[in-house]
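The values are calculated or read from the model by the stated rules, or taken from the named source; none is laboratory data. None of these values were measured; they are calculated from a predicted model. Counting neighbours? That spans all protein chains shown, and the Cβs are built from the backbone with ideal geometry, glycine included. Just the protein is used for accessible areas: all its heavy atoms, side chains included, with ligands, DNA and RNA removed. Shrake-Rupley method; radii C 1.70, N 1.55, O 1.52, S 1.80 Å.
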Amino acid sequence: MIASKKLLHHFIEQIIQENGQSIYIKTASHSFSYQQVFDLAKKYQKILESNGIQKQDRIVIYASKNMSSIAVMIASSLCGAIYVPISSINPASRAIQIIDEATPRFIVCDKECGTALQSSGRELNIVCSDDEMDLCLLKPSAELLVFDEEIAFILFTSGSTGTPKGVVISHEAAIVFIEWAANEFGITGSDVISSIAPFNFDLSVFDIYVTAMSGATLLLYSENETKNALLMAMRLSEDKASTIYATPTFYAALANYGKLHKYDYACLKNVLFAGEVFHLENFAKLLQYWPHRNYANLYGPTETNVCTFFKVDVAHMNYLNFPIGLACPYASFLLLSADDKVIESTDVEGELVVAGASVFNQYWKDEDKTSAAFYRDAKHQRYYRTGDIVYRNKEGAYVYVARKDRMIKKNGYRIEPSEIEKIVVSYPKVSNAVVLFSKEKNILICFVESVEVIDNDIFNIRVFCQNHLPLYMLPDKFVVLFSMPQTSSGKVDLQALKNML
Amino acid sequence: MNIETVQAEIKEYVLETIVQGDSVVINNDTPLISSGIIDSISTLKMVEFLEGKYQIEFEPHEVDRENLDSVEMIAAFVLSKK
């Protein structure tokens, strides 16, 4: 058997052999060649190794999107370590939750995130400091973890038990997707690929590594820049972006508020989207400004990365909604009924379950959650239960219908309402909390059960949430109830609450 | 155009269009963007409103919490563009 031994940093080494002087990363103020980024990664590798990093130790990266973060990712791969990106949009308390879960040997943070951690009472033992980043050594964790694969990174996502859960991704799983995507969308060294998504979001795997694999250039946009559609409209034009991969929310903001008519996008070829449903009225607006591009809907939860894709035929826009499409070559699917029977016929709804090389290894240190997440067929093949209800249409393409559970997608972000509820309930006078999402208004509503809470407390609960959750998880509206409506079996009556939306 | 009028108009817009009867209290100095009361999409909507109402045009980099984080900051910024 010939096992694939390819690791993520090999892509960079390959490009350096061919042309190390070509530009890998471009920010608002600087350009960095492949050689420069790799040299920094080698420098970090030395520091990590001289401070005793072991294979499969975790390295948390808690920083705004910058070039050094990517150098740390490459260094992590060079050391055989596992990196754990945490976006700077997370308040320190949520970052600490993730850090305590991940038990890293190192935390690498920028100055702002480092200060936030210290203000929350974390002492940082800085072993190396440069303009952008501090490398902080933690006491080695006693636990020894054994994986049967080379693990590349862990992406923490909102967890249904109220704390973030870590999706463990191997080099092999990442690479099978990267190689497919680079080939499918014809990415070459002359491409200029935007980095819109934060690094803890799986869309960034495409940005960072499809770029590296192809020797292309990555346009690194900060969290602040990507929120500003007016600025992004200008930058994507000036920076001559050729491939963009972002959420429909991002494109809708560009089309509605970006003043796209002011700029020229002659270099733009591929417009890829994922993370949520692209509403057709927003898509139609985008299409007015950007006709004749390769549009594709990519689908897949963090646990599987992209596993289906659908190329939009812009000449025949007679869709009710875009299908999520056909299986990527490395993925295989089953459709399961509510009692786990395999559905063979078309047009029948069921839960999509996914097997294949891109599927994650496990949830970080959570065997129960891991085994509950998989369906096993008669041959013991593992399929990940996506929780997405879909059907297969007559053309063989899959079409998304709804979620099976309470998970919410707001502006492309994956949100488990229980994570918000857990925070709200921990506020003194609150006895219960339920978070619902209004699709029509695109807002999160938090029902707060309390006999004592008054208007002024609502303000404080909001601030409390703000200190513990990223802003995208902050409820837009709070409704105070003396008691939650209940069903006959004594559970919270979610339907009654929904009727109040 | 006096600053009090502009502040009152902006406050009315924020309360009626963005906050929509939520129990959040908006004073002239209440942080709007950094507190998450106004998200990024609402910020863009507000910029569109300000451009139309006061006949001004924002430069892309000006759509930022440095300029727009409270009613008084927004009003001062609008007047500086007139």
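Restricting attention to the range B:39-82 and to residues that are surrounded by 15 or more Cβ atoms within 10 Å (Cβ to Cβ) and outside any helix (DSSP H, G or I), the residue that is farthest from the other protein chains (Cβ to nearest Cβ) turns out to be B:Ser70. Elements of the type strands (runs of 3 or more DSSP E) sitting completely within the range A:45-157 and holding at least 1 residues that are β-branched (Val, Ile, Thr), open to solvent by less than 50 Å² (accessible area, probe 1.4 Å) and under 26 Å from A:Ala357 (Cα atoms): these cover A:58-63, A:82-87, A:151-157. Determine, yes or no, whether B:Glu12 is part of a helix (DSSP H, G or I), away from chain A (no Cβ under 12 Å), surrounded by fewer than 17 Cβ atoms within 10 Å (Cβ to Cβ) and charged (D, E, K, R). In short, yes. Tell me, which residue of the range A:475-501 that is free of Cβ contacts under 8 Å to residues at least 40 places away in the same chain and within 12 Å of chain B (Cβ to nearest Cβ) is farthest from A:Leu444 (Cα to Cα)? Going through the qualifying residues, I end up with A:Val480.
Residue check: is A:Asp239 open to solvent by 10 Å² or more (accessible area, probe 1.4 Å), in contact with a Leu (Cβ under 6 Å, 6 or more places away or on another chain) and modelled with pLDDT of 95 or more?
On the way: open to solvent by 10 Å² or more (accessible area, probe 1.4 Å): yes; in contact with a Leu (Cβ under 6 Å, 6 or more places away or on another chain): yes; modelled with pLDDT of 95 or more: yes.
Yes; evaluated as a whole, the condition is true for this residue.
Residue-wise test of (1) open to solvent by 20 Å² or more (accessible area, probe 1.4 Å); (2) in contact with a Lys or Arg (Cβ under 6 Å, 6 or more places away or on another chain); (3) in a loop (DSSP other than H, G, I, E, B); (4) within 14 Å of chain B (Cβ to nearest Cβ).
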{"position": "A:Thr163", "(1), (2), (3), (4)": "yes, no, yes, no"}
{"position": "A:Gly166", "(1), (2), (3), (4)": "no, no, no, no"}
{"position": "A:Ile175", "(1), (2), (3), (4)": "no, yes, no, no"}
{"position": "A:Gly186", "(1), (2), (3), (4)": "yes, no, yes, no"}
{"position": "A:Gly189", "(1), (2), (3), (4)": "yes, no, yes, no"}
{"position": "A:Ser194", "(1), (2), (3), (4)": "no, no, no, no"}
{"position": "A:Asp207", "(1), (2), (3), (4)": "no, no, no, no"}
{"position": "A:Leu230", "(1), (2), (3), (4)": "no, no, no, yes"}
{"position": "A:Arg235", "(1), (2), (3), (4)": "yes, no, no, yes"}
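Within the set A:Ala246, A:Ala274, A:Ala253, A:Ala216, the sole residue that is facing chain B (nearest Cβ under 8 Å), at pLDDT 95 or above, buried (at least 18 other Cβ atoms within 10 Å of the Cβ) and under 24 Å from the mean Cα position of the chain (by Cα) turns out to be A:Ala253.
If you scan the range A:318-335, which residues turn out to be touching a Lys or Arg at 6+ places or on another chain (Cβ under 8 Å) and either of a type in the set (Asp, Glu) or farther than 20 Å from A:Ala274 by Cα (or both)? Before you say what the answer is, go through the steps one by one.
Filtering the range A:318-335 down to residues touching a Lys or Arg at 6+ places or on another chain (Cβ under 8 Å) leaves A:325, A:335.
Result: A:Leu335, single match.
Return yes when B:Ile18 is within 10 Å of another protein chain (Cβ to nearest Cβ), assigned to a loop (DSSP other than H, G, I, E, B) and surrounded by 18 or more Cβ atoms within 10 Å (Cβ to Cβ) and no when it is not. Answer is no for this residue. May I ask you to verify whether A:Ala373 is open to solvent by 70 Å² or more (accessible area, probe 1.4 Å), more than 14 Å from chain B (Cβ to nearest Cβ) and either out of contact with any Leu (no Cβ under 9 Å at 6 or more places or on another chain) or modelled with pLDDT of 95 or more (or both)? No, not satisfied.
Could we say that A:Asn456 is farther than 26 Å from A:Asn224 by Cβ, open to solvent by 80 Å² or more (accessible area, probe 1.4 Å), part of a helix (DSSP H, G or I) and within 13 Å of another protein chain (Cβ to nearest Cβ) here? Give the derivation first.
Numbers: farther than 26 Å from A:Asn224 by Cβ: yes; open to solvent by 80 Å² or more (accessible area, probe 1.4 Å): yes; part of a helix (DSSP H, G or I): yes; within 13 Å of another protein chain (Cβ to nearest Cβ): yes.
Yes: the conditions hold for A:Asn456.
Can you tell me which residue in the range A:293-327 is most open to solvent (accessible area, probe 1.4 Å), limited to those that are farther than 14 Å from A:Asp388 by Cβ and among the charged types (D, E, K, R)? So the residue we want is A:Lys311. So, A:Leu203, is that one within 13 Å of chain B (Cβ to nearest Cβ), touching a strand residue (DSSP E or B) at 6+ places or on another chain (Cβ under 8 Å) and either touching a residue at least 40 places away in the same chain (Cβ under 8 Å) or among the acidic types (Asp, Glu) (or both) or not? In short, no. For the range A:439-453, the set of residues classified as part of a loop (DSSP other than H, G, I, E, B), over 18 Å from A:Lys422 (Cα atoms) and touching a strand residue (DSSP E or B) at 6+ places or on another chain (Cβ under 8 Å) consists of A:Asn442 only.
The residues listed here are A:Lys409, A:Lys379, A:Lys394, A:Lys311; of these, the one that is modelled with pLDDT under 95 and either in contact with a strand residue (DSSP E or B) (Cβ under 8 Å, 6 or more places away or on another chain) or not basic (Lys, Arg) (or both) is A:Lys409.
Applying the selection to the range A:77-89, what residues are modelled with pLDDT of 95 or more and within 20 Å of A:Cys465 (Cβ to Cβ)? Scanning the range A:77-89 gives A:Ile86, A:Ser87, A:Ser88.
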